[in-house]
Amino acid sequence: MTDFGRRVWHLIGKIPRGQVASYGQIARWLGRPRHARLVGMSLRSCPSGVAWHRVVNARGGISLRAAHGSMLTQRILLEQEGVLLRSGRVSLARYGWQGPGKVSRPRRRHGG
DNA sequence: GACTTGACTAGAC
DNA sequence: AGTCTAGCCAAGT
């Protein structure tokens with residue numbers, strides 16, 4: 001695996017439980033704004049322990065295909081963390097990670 | 001080293 | 001809201 005790949009795993013490991021990040025965001029935080037696809041490529045061979053399921057596409061949807069047999073798995077894993085999907089999508093406004101160095105915002109159901 | 005592939009993204013219709 | 005197209009760039013063959 002490339003050095004970039006390892007950085008991807010490391011960063012993904014920092015995504016708080018119950019939140020998600022997009023491929024593009026991860027690439028940007030690693031200083032590679034055009035390497036969103038490379039992020040996904042790195043996840044193809046990610047080691048166990050990496051919360052790969054917290055990575056979704058820019059629309060908040062799951063980019064995996066049935067061919068990988070993990071499309072449903074990701075949804076299940078996300079919902080186990082309290083991340084609910086609406087029409088196959090996640091609300092990035094609500095579950096989107098702010099990024100490294102940012103404090104996780106408190107989640108609340110109602111206004112506050 | 002050229003060609004193909006891909007867990008992406010933004011824009012247009 | 002769903003589909004199609006163009007752009008992107010490194011890994012794999």
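The values are calculated or read from the model by the stated rules, or taken from the named source; none is laboratory data. Everything numeric here is computed off the predicted structure, so don't read it as measured data. FYI the Cβ positions are ideal-geometry reconstructions off the backbone, even for glycines, and counts take in every protein chain you see.
The residue of the stretch A:34-46 that is farthest from A:LEU78 (Cα to Cα), among those that are outside any loop (DSSP other than H, G, I, E, B) and more than 6 Å from DNA strand B (Cβ to nearest atom), is A:LEU38. Against the conditions (1) among the basic types (Lys, Arg); (2) more than 29 Å from A:ASP3 (Cβ to Cβ); (3) at pLDDT 95 or above, A:ARG37 satisfies every one except (2).
Restricted to the stretch A:60-71, and to residues there that are in a loop (DSSP other than H, G, I, E, B) and among the small types (Gly, Ala, Ser), the residue that is nearest to the chain's Cα centre (by Cα) is A:GLY60.
Any residue at all in the stretch A:78-85 that is touching a residue at least 60 places away in the same chain (Cβ under 8 Å) and within 19 Å of A:ARG6 (Cβ to Cβ)? Scanning the stretch A:78-85 turns up no residue that is touching a residue at least 60 places away in the same chain (Cβ under 8 Å) and within 19 Å of A:ARG6 (Cβ to Cβ).
For every residue, the table says whether it meets (1) within 12 Å of DNA strand C (Cβ to nearest atom); (2) outside any helix (DSSP H, G or I); (3) crowded, with 17+ Cβ neighbours inside 10 Å.
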position	(1), (2), (3)
A:MET1	yes, yes, no
A:ARG7	yes, no, yes
A:ALA21	no, yes, yes
A:ILE26	no, no, yes
A:ARG32	yes, yes, no
A:SER48	no, yes, no
A:ALA58	yes, yes, no
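Just one of (1) within 10 Å of DNA strand C (Cβ to nearest atom); (2) under 25 Å from A:LEU84 (Cβ atoms); (3) at pLDDT below 95 fails for A:ARG44. It is (2).
Residues that are under 18 Å from A:ILE15 (Cα atoms) and in contact with a Gly (Cβ under 7 Å, 6 or more places away or on another chain) were ranked within the stretch A:64-88; the one that is farthest from DNA strand B (Cβ to nearest atom) is A:GLY82. All of A:ARG32, A:ARG37, A:ARG65 fail the test of being farther than 27 Å from A:SER87 by Cβ, out of contact with any strand residue (DSSP E or B) (no Cβ under 9 Å at 6 or more places or on another chain) and among the basic types (Lys, Arg), apart from A:ARG32.
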